[in-house]
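Have a look at the structure below, then the notes.
What follows draws every value from the coordinates through simple rules; no lab data is involved. Predicted, not measured: the structure shown is a model, and the values here were computed from it. FYI the Cβ positions are ideal-geometry reconstructions off the backbone, even for glycines, and counts take in every protein chain you see.
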Amino acid sequence: MADSAQLERIAQFRKMANDDPENELGHFSLGKALMDAGEYAEAIGSFERTIVLNPQFSKAFQLLGTCYIKTGQRDLAIQTLKRGYKVASERGDTMPREEMARLLRELGEEPPTLERAGQETAAGVGGFRCQRPGCYSGSRAVQLPAPPMNDELGRQIYEKICADCWREWLAVGIKVINEMRLDLSDERAQQVYDNYMKEYLGLD
């Protein structure tokens with residue numbers, strides 16, 4: 001049974017998803033919160049919606065496949081994990097790809113065989129490979145000119161997140177501040193904002 005902190009997170013992310021149905025972050029975060037609380041069946045719908053909104057979100061495939069396993073839907077799990085494995089391989093998302101390969105083998109299936117070109121993870125024509133799951137820029141990704149903040153989180157963003165994804169977050173972040181009514185002068189509100197940002201950028 002979910003504890004009070006988990007219920008609060010679920011309520012926050014449910015509001016975010018309902019207020020902005022096209023916001024992949026809201027649906028993904030709601031699914032993750034439900035999954036953490038053991039509500040695997042309900043989490044499935046959130047992850048499915050995330051993938052509809054962003055078919056390149058490899059981490060969502062991984063967690064959706066896990067939820068299918070937890071609810072005894074083996075065939076759907078295999079189908080989802082194989083599709084997600086291909087997406088993660090094409091994008092160079094190493095951690096979700098390896099986790100989906102592990103889950104497939106536990107189900108008695110081998111990961112799909114991919115052509116070598118699909119497994120390349122080097123930077124593309126933009127000269128930078130964004131590590132955010134679901135990045136749309138792909139080989140066109142361009143690094144930020146400098147860290148956006150003078151702290152460890154800013155350094156991580158500079159090293160791992162492309163300029164396009166950072167601009168996307170700034171737009172989403174305004175919605176987070178407005179919908180959650182966050183006062184960033186308050187330390188707890190700043191932490192909530194930072195947690196949303198790390199979720200969105202895949203830094204946690």
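Using helices alone, I'd like the mean residue ellipticity at 222 nm for the chain: each DSSP H run of four-plus residues gives -39500 (n - 2.57), total over residue count, nearest 500. The per-residue figure over the chain is -20500 deg cm²/dmol.
Starting with the fewest neighbours, write out Met16, Met180 ranked by other beta-carbon atoms found within 10 Å of each beta-carbon. Before the final figure, lay out the partial values.
Numbers: Met16 21, Met180 16.
So the residues, fewest neighbours to most, are Met180, Met16.
For region 122-204, a/c is not less than 1.5, where a ≥ b ≥ c are the root eigenvalues of the C-alpha gyration tensor, and a/b tops b/c. That puts it in the prolate class.
I need Tyr193, Tyr68 ordered by Cβ neighbour count within 10 Å, fewest first.
Lowest count first: Tyr193, Tyr68.
For a Förster distance of 22 Å, can you work out the FRET efficiency between the beta-carbons of Glu8 and Lys175, rounded to the nearest 0.05? Here the calculated transfer efficiency is 0.70. Fully extending the segment from Asp151 to Ser185 would add 10.5 nm, taking 0.36 nm per residue of separation and subtracting the current Cα-Cα distance. Sorted ascending by nearby beta carbons within 10 Å, beginning with the fewest, Ser29, Ser137, Ser4 become Ser4, Ser137, Ser29.
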